[in-house]
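The values are calculated or read from the model by the stated rules, or taken from the named source; none is laboratory data. From a predicted model like this one, the values you see are computed outputs, not experimental measurements. Note: ideal-geometry Cβ built from the backbone for every residue, glycine included; neighbour counts use all protein chains shown.
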Ligand SMILES: *Cc1c(COP(=O)(O)O)cnc(C)c1O
């Protein structure tokens, strides 16, 4: 029996992707070898790499002039690769949570990076509005989905300077306009695959403009010239990501998954709002469709552990909130079935009745 897996990352994957990966781990394409045992430069793996790039381009309708890279080092390595490649005079950052803060911290080690606005004053429970982006910045960096605090920038915003987005936890959750961004990156392990690989979508004409020397492995141009194979890429992670994207395409792509995601999120938020034991932590208009954060109302605070244990008996795992928010966090990524959300909502209802 599969659990109702609400883990924040690494997180639930489509069963189809797990099944095809397990087959490829034993015998890849009838080659008599595991996908772990073949050269990353073999024709068979090259085909996987090309297919994964094509699926990214197709699903996200990526326009001409952009490159798609699959690299090691996770989203955290992009926190430093972005300023290394793009920061010359000054960079601007929107501080919407832990990951946004870490991105800013790394940029500051490389050059002049400023915080344009922050929601730290309210423990990051909202997305700042009414800030202005300096027109002389090399780029403006946002974190579209704040995995820990459950807030999300749900539209493609306008920026007078190249827009850079960490989309680790909401890439492929909705149709989007890639042309509004200069660079998009993220770790695959939230919404598109297993840990070990980060995706980067970069507009080619932004590159080659900084005066500093860039170590080859951190240089987007070198990675593009080498088709993400400057060194050995995370072969198995890319394979599973490919299978996950195929599953997504068969389902009808981003509009289809977005419908499902919005429906799952409203099911859960409706219950959080209705149930007298619980309340949401993020302001309603900025609530994430990927990570729902909620706590127990003050008078029921001491029931937290009991509720957690109750949900465990229903096969529900991964709903403990991040320590900086407390309470609960249900990550309801693309691959989480609607039935799992229904199971959590039912558990919340049953628990309320028992109190
Ligand atoms: C998880 C996460 C990261 C960190 O990803 P790694 O791949 O572990 O470096 C960065 N940003 C966001 C928004 C995340 O959710």
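Out of curiosity, is residue 193 modelled with pLDDT of 95 or more, within 19 Å of residue 332 (Cα to Cα), in contact with a strand residue (DSSP E or B) (Cβ under 6 Å, 6 or more places away or on another chain) and within 16 Å of the ligand (Cβ to nearest atom)?
On the way: modelled with pLDDT of 95 or more: yes; within 19 Å of residue 332 (Cα to Cα): yes; in contact with a strand residue (DSSP E or B) (Cβ under 6 Å, 6 or more places away or on another chain): no; within 16 Å of the ligand (Cβ to nearest atom): yes.
Criteria not met by residue 193.
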With the checklist (1) touching a residue at least 60 places away in the same chain (Cβ under 8 Å); (2) in contact with a strand residue (DSSP E or B) (Cβ under 9 Å, 6 or more places away or on another chain); (3) over 22 Å from residue 240 (Cβ atoms) in hand, flag the one item residue 145 doesn't pass. (3)
Within region 117-133, identify whether any single residue is surrounded by 22 or more Cβ atoms within 10 Å (Cβ to Cβ), within 16 Å of the ligand (Cβ to nearest atom), over 26 Å from residue 248 (Cα atoms) and in contact (Cβ under 8 Å) with a residue 60 or more places away in the chain, and answer yes or no. yes
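Could you please let me know if residue 240 is within 27 Å of residue 217 (Cα to Cα) and part of a helix (DSSP H, G or I)? Show your work before the answer.
On the way: within 27 Å of residue 217 (Cα to Cα): yes; part of a helix (DSSP H, G or I): yes.
It is true that residue 240 is within 27 Å of residue 217 (Cα to Cα) and part of a helix (DSSP H, G or I).
Filter region 84-102 for residues that are in contact with a strand residue (DSSP E or B) (Cβ under 6 Å, 6 or more places away or on another chain), in a helix (DSSP H, G or I) and touching a residue at least 24 places away in the same chain (Cβ under 8 Å) and give the result.
We begin by selecting, within region 84-102, every residue in contact with a strand residue (DSSP E or B) (Cβ under 6 Å, 6 or more places away or on another chain); these are 86, 91-97, 99-101.
Now restrict to residues that are in a helix (DSSP H, G or I): 86, 99-101.
Selection gives 86, 99, 100.
Could you please find all residues in region 10-32 being within 16 Å of the ligand (Cβ to nearest atom) and surrounded by fewer than 21 Cβ atoms within 10 Å (Cβ to Cβ)?
Narrowing region 10-32 to residues within 16 Å of the ligand (Cβ to nearest atom): 10-13.
Residue satisfying the conditions is 10 alone.
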Kindly indicate whether residue 309 is loosely packed, with under 15 Cβ neighbours inside 10 Å and either in contact with a strand residue (DSSP E or B) (Cβ under 8 Å, 6 or more places away or on another chain) or at pLDDT below 95 (or both). no
Does region 214-228 contain any residue that is on the phi > 0 side of the Ramachandran plot, part of a loop (DSSP other than H, G, I, E, B) and surrounded by fewer than 13 Cβ atoms within 10 Å (Cβ to Cβ)? no
Residue pairs meeting the criteria (Cβ under 9 Å; at least 6 apart or on separate chains; first without any contact (Cβ under 8 Å) to a residue 40 or more places away in the chain, in region 181-196; second assigned to a loop (DSSP other than H, G, I, E, B) and more than 9 Å from the ligand (Cβ to nearest atom)): 181/156; 181/159; 181/162; 184/60; 184/171; 184/176
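Criterion first (surrounded by fewer than 19 Cβ atoms within 10 Å (Cβ to Cβ), not assigned by TED's automatic domain parsing to the domain that holds residue 124 and not in a helix (DSSP H, G or I)) does residue 2 satisfy it?
Working: surrounded by fewer than 19 Cβ atoms within 10 Å (Cβ to Cβ): yes; not assigned by TED's automatic domain parsing to the domain that holds residue 124: yes; not in a helix (DSSP H, G or I): yes.
For residue 2, the condition - surrounded by fewer than 19 Cβ atoms within 10 Å (Cβ to Cβ), not assigned by TED's automatic domain parsing to the domain that holds residue 124 and not in a helix (DSSP H, G or I) - is met.
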Output for Cβ contacts, cut-off 7 Å, separation at least six or different chains, first residue farther than 18 Å from residue 148 by Cα in region 304-329, second at pLDDT below 95, reads 315/1
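So that you can scan it fast, the table gives a plain yes or no per residue for (1) crowded, with 22+ Cβ neighbours inside 10 Å; (2) within 12 Å of the ligand (Cβ to nearest atom); (3) assigned to a strand (DSSP E or B); (4) assigned by TED's automatic domain parsing to the domain that holds residue 328:
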{"site": "135", "(1), (2), (3), (4)": "no, no, no, no"}
{"site": "142", "(1), (2), (3), (4)": "yes, yes, yes, no"}
{"site": "155", "(1), (2), (3), (4)": "no, no, no, no"}
{"site": "158", "(1), (2), (3), (4)": "no, no, no, no"}
{"site": "165", "(1), (2), (3), (4)": "yes, yes, yes, no"}
{"site": "173", "(1), (2), (3), (4)": "yes, no, no, no"}
{"site": "189", "(1), (2), (3), (4)": "yes, yes, no, no"}
{"site": "199", "(1), (2), (3), (4)": "yes, yes, yes, no"}
Would it be correct to say that residue 16 is within 28 Å of the chain's Cα centre (by Cα), within 24 Å of residue 331 (Cα to Cα) and either assigned to a helix (DSSP H, G or I) or in contact (Cβ under 8 Å) with a residue 40 or more places away in the chain (or both)? yes
